[in-house]
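*Asks:* Before I ask anything, here is the structure I am working with.
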Amino acid sequence: MTLTQQIITILMVVTGTMITRFLPFLLFPADKPTPKYIGYLGKVLPAAVFGLLVIYCLKDVSILSGSHGLPELIAIAVVILLHYWKRQMLLSIAGGTICYMLLVQLLF
């Protein structure tokens, strides 16, 4: 890339970042109540995103071949147990991921 192209790229990245950071404050100022649909989206989108991630992670699991999905099921159980035990999302995700990687690399 030429120097001009590099400068233009940096300016575009900075502009995009600033727009995404400042736009919510401009659209929804603190002195006005938040619209009901934004509150609704704030309540339902996190669960929807996690549901989509679970489906995406399990879409290629074959229960008819290989390990029959056992590492995935064990890792899911670890995530659920850790979450109910400690109620910390990052610990649950990290524990399930580590469990799955150890199962796949060492056991299955």
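The values are calculated or read from the model by the stated rules, or taken from the named source; none is laboratory data. Everything numeric here is computed off the predicted structure, so don't read it as measured data. Methodologically, a virtual Cβ is constructed for each residue, glycine included, from the backbone with ideal geometry; neighbour enumeration extends over all protein chains shown. Just the protein is used for accessible areas: all its heavy atoms, side chains included, with ligands, DNA and RNA removed. Shrake-Rupley method; radii C 1.70, N 1.55, O 1.52, S 1.80 Å.
*Asks:* Which of these, LEU41, LEU70, LEU27, has the largest mean-square fluctuation under a Gaussian network model of the chain (Cα springs below 10 Å)?
*Replies:* LEU27
*Asks:* Taking the chain as the reference, fit the longest principal axis to its C-alpha atoms, fit the long axis of helix 89-102 to the helix C-alpha atoms, and give the angle between the two in degrees, 0 to 90, nearest 10.
*Replies:* Roughly 50 degrees between the two axes.
*Asks:* Run lengths n ≥ 4 of DSSP H only: what is the helix-derived mean residue ellipticity at 222 nm for the chain, with -39500 (n - 2.57) per run over all residues, to the nearest 500?
*Replies:* Theoretical 222 nm ellipticity from helices: -25000 deg cm²/dmol.
*Asks:* Right, something else. How large is Rg over Rh for segment 47-108, taking Rg from the Cα atoms and Rh as the Kirkwood inverse mean of 1/r across Cα pairs? Can you show the working numbers first?
*Replies:* Working: Rg = 12.0 Å, Rh = 12.2 Å.
Reported Rg/Rh, Kirkwood definition of Rh: 0.99.
*Asks:* Under a Cβ-only charge scheme (Lys and Arg +1, Asp and Glu -1), can you give me the dipole magnitude of the chain about the Cα centre, in debye to the nearest 20?
*Replies:* Values: 7 positive and 3 negative charges, 76 e Å.
For this selection, approximately 360 debye.
*Asks:* Pick from LEU90, LEU82, LEU26: which is most flexible by mean-square fluctuation in a GNM of the chain where alpha carbon atoms under 10 Å apart are linked?
*Replies:* It is LEU26.
*Asks:* Oh, and also: Leaving out ligands and nucleic acids, note down the accessible area per residue over the chain with a 1.4 angstrom probe, in whole Å². Please report the intermediate quantities before stating the final value.
*Replies:* On the way: 9310 Å² over 108 residues.
Here the residues of the chain average 86 Å² of exposed surface.
*Asks:* Can you run phi through the Karplus equation (6.51, -1.76, 1.60; θ = phi - 60°) for segment 78-88 and list ³J(HN,Hα) in whole Hz, with x for Gly and Pro?
*Replies:* 5, 4, 5, 5, 4, 5, 5, 7, 9, 6, 10
*Asks:* Quick one: Cα convex hull volume of segment 13-62, Å³ per residue? Numbers along the way, then the final one.
*Replies:* On the way: hull volume 4.7 nm³, N = 50.
Measuring per residue, one finds 94 Å³ for the Cα hull of segment 13-62.
*Asks:* Okay, next question. Considering only GLY96, THR4, VAL14, whose Cα is most displaced toward the positive end of the charge dipole of the chain, charges sitting on Cβ of Lys, Arg (+1) and Asp, Glu (-1)?
*Replies:* Towards the positive end, the residue furthest out is VAL14.
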